[in-house]
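Visitor: Just dropping this structure here.
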Amino acid sequence: MNRIPLALAIFASATAGAQGAAGPTGTNAFTGYAAVDSAVVARAAWRRANAAMEAGDLAAARAQVDRAARAWPTQEVYAWGRVVMALRANDTTGAIGALDAYADIGLGRDLAREPATRDLFKAPAFMAVAARHEANRAPLIRGVPRVTLADSSFWPEGMDYDPRTGAYYLASIRHRTIAEWWPDGRVRELIPRGRAVLGAMLAVRVDTARGVLWATTSGIPQQAGFQPADSAVAALLRIRIADGTIERRWDLPVAPGGRVLGDVAIGPRGDVYLSDSQSPELFRLGPGTDSLVVMRHPLFRSLQGVAPSSNPAVVYVADYSHGILRVDIGTKTVTRVADAPGSTTLGCDGIVFERSAIIAVQNGVIPPRVIRFTLDASGASFSRAEVLDRNPAADEPTIGAIVGREFVYVANSQWEKHDAAGVPRATAKLAGPVLLVLPIPR
């Protein structure tokens, strides 16, 4: 959803794709929230590093990159920046140490293919850290295809499953519709393609209690037939499954930076939640009410997936920039869930609550993966991180759902295969959308 590079082009080899625009926390004002303030320090240091590089001052640039990484050690862009800067300074020992720190957060790169690190293979001490990277990036193929659509231009983002009928639902960014897929291969589009009053369809969830779909729509350039006026479109929709009728529509006020309503979720009491990644806000439609209540917080910067917990008062939200957040609806308090040892929760997109854990589609790391973060008894920290799927077939995974004792997720949304206007890139190899299914370990 709404991917924007975290790093500047001067460190192109260190840049990873990221979703969500910089929100109000991207200033130099300190907030008193450790995660936000550390990120502010890191971003400021990164900007100074870029300025120093432009001025030809390698030593100053390296010092600022080191400062960024110290302030925000679980941000892979800064961790990799340390590697790049050490190599530019011909500091082999420093580069190997930085590569070790990168592996310490559970990530790995193909060092044989990275231009910056090829010469390091001559250093004996390098082989051990290279092995760590290989272990962290090696394919872990547990997901197998469950649904495949023939239309390579469908471009899905959100999905869900109806346990009553066995039907799957996929939301289309490009064609502004929702497809219903049946186990026998039948496909029905609930909404006519290109409907003028709708933007891209981003998220969809089945509400079995009400017998409807909840979906989000936002006007973004990647949708077919986009016009500048479409950027004002941002709404929550309640859709009758039987015939695709939009029963109710909640239009959100226009935001200065636009809106990208990336996910929708249903709580145990019937609360409906939706997140805005562009103008970072969390909305809630309470059961029996007809008005959306908005929540803002300094920790909100690039909101993505929403996962209501078994506790009706607690919902978890993935923030692409700040990690996974715990939101107490009653007290309106927000805390960042502490990372498990040897892991990072940055770059998570779709998330679901599964017993005492969060299963996350983490597409903001290299390579992307599905990972389970186990919560401790307090629900405020993760005690363990376990990769469930690191699948070459999932080159751009987004959102998933629990189906019995399985997790099903969109494997190839194809966002990165298109430019900002939604036109396929010259080198793009489009494929039919696939849902992968993998068992959830007990």
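Visitor: Out of Ala116, Met53, Gly106, whose Cα points farthest toward the positive end of the dipole of region 41-153 (charges: +1 Lys, Arg; -1 Asp, Glu; placed on Cβ)?
Guide: Gly106
Visitor: Right, here's the next one. Work out the length of the dipole vector of the chain about its Cα centre, built from +1 on the beta-carbon of each Lys and Arg and -1 on the beta-carbon of each Asp and Glu, and round it to the nearest 20 debye.
Guide: 80
Visitor: Here's another thing I want to ask about it. So what's the back-of-envelope 222 nm ellipticity for the chain, counting only DSSP H runs of four-plus at -39500 (n - 2.57) apiece and dividing by all residues, rounded to 500?
Guide: Details: 5 runs with 73 residues, N = 442.
Mean residue ellipticity, 222 nm, calculated: -5500 deg cm²/dmol.
Visitor: For a quick check, take a GNM of the chain with Cα springs below 10 Å and name the residue from Gly305, Gly323, Gly258 with the largest mean-square fluctuation.
Guide: Gly258
Visitor: Let me ask something else about it. Can you give the angle from 0 to 90° between the axis of helix 58-71 and the longest principal axis of the chain, with both taken from C-alpha atoms, to the nearest 10?
Guide: 50
Visitor: To make sure I understand the rule: partners must be lysines, Cα under 30 Å from the Cα of Lys429, and not fewer than 8 residues away in the same chain. Which ones qualify?
Guide: Within the straight-line limit of under 30 Å, Lys429 reaches these lysines: Lys417.
Visitor: Straight-line reach from Lys122: which lysines have a Cα under 30 Å away, not including same-chain ones fewer than 8 places off?
Guide: Correct list for Lys122: empty, as no lysines qualify.
Visitor: If you stretched the chain out fully between Asp419 and Thr331, how much longer would it get, using 0.36 nm times the residue separation minus the C-alpha to C-alpha distance?
Guide: 27.5 nm
Visitor: Roughly how many whole Å is it from the C-alpha centroid of region 397-436 to that of region 242-289?
Guide: Distance between centres, Cα-based: 22 Å.
Visitor: Which of Gln414, Gln227, Gln278 moves most in a GNM of the chain, Cα contacts under 10 Å?
Guide: Gln227
Visitor: Here is a follow-up. Per-residue counts of other Cβ atoms within 10 Å, averaged by peptide: what ranking do you get for 170-181, 202-213, 130-141, highest first?
Guide: 170-181, 202-213, 130-141
Visitor: Take the alpha carbon atoms of region 309-381, find their center, do the same for region 36-57, and report the distance between the two centers in whole angstrom.
Guide: So the separation of the two Cα centres works out to 28 Å.
Visitor: Same structure, new question: With a Förster radius of 41 Å, plug the Cβ-Cβ distance of Val144 and Ser378 into 1/(1 + (r/R0)^6) and report the FRET value to the nearest 0.05.
Guide: Efficiency for this residue pair is about 0.70.
Visitor: Can you put Met159, Met295 in order, fewest other beta carbons within 10 Å first? Show your work: numbers first, answer last.
Guide: Numbers: Met159 27, Met295 16.
Placing the least packed residue first, the sequence is Met295, Met159.
Visitor: Going by average Cβ density within 10 Å per residue, which order do the peptides 107-118, 78-89 take, highest to lowest?
Guide: Ranking the peptides 107-118, 78-89 by packing returns 78-89, 107-118.
Just so you know, all these numbers are worked out from the coordinates, no wet-lab data involved. The model shown is predicted, which means the values in this text are computed figures rather than measured ones. Please note: Cβ atoms are built from the backbone with ideal geometry, for glycine as well, and neighbour counts cover all protein chains shown.
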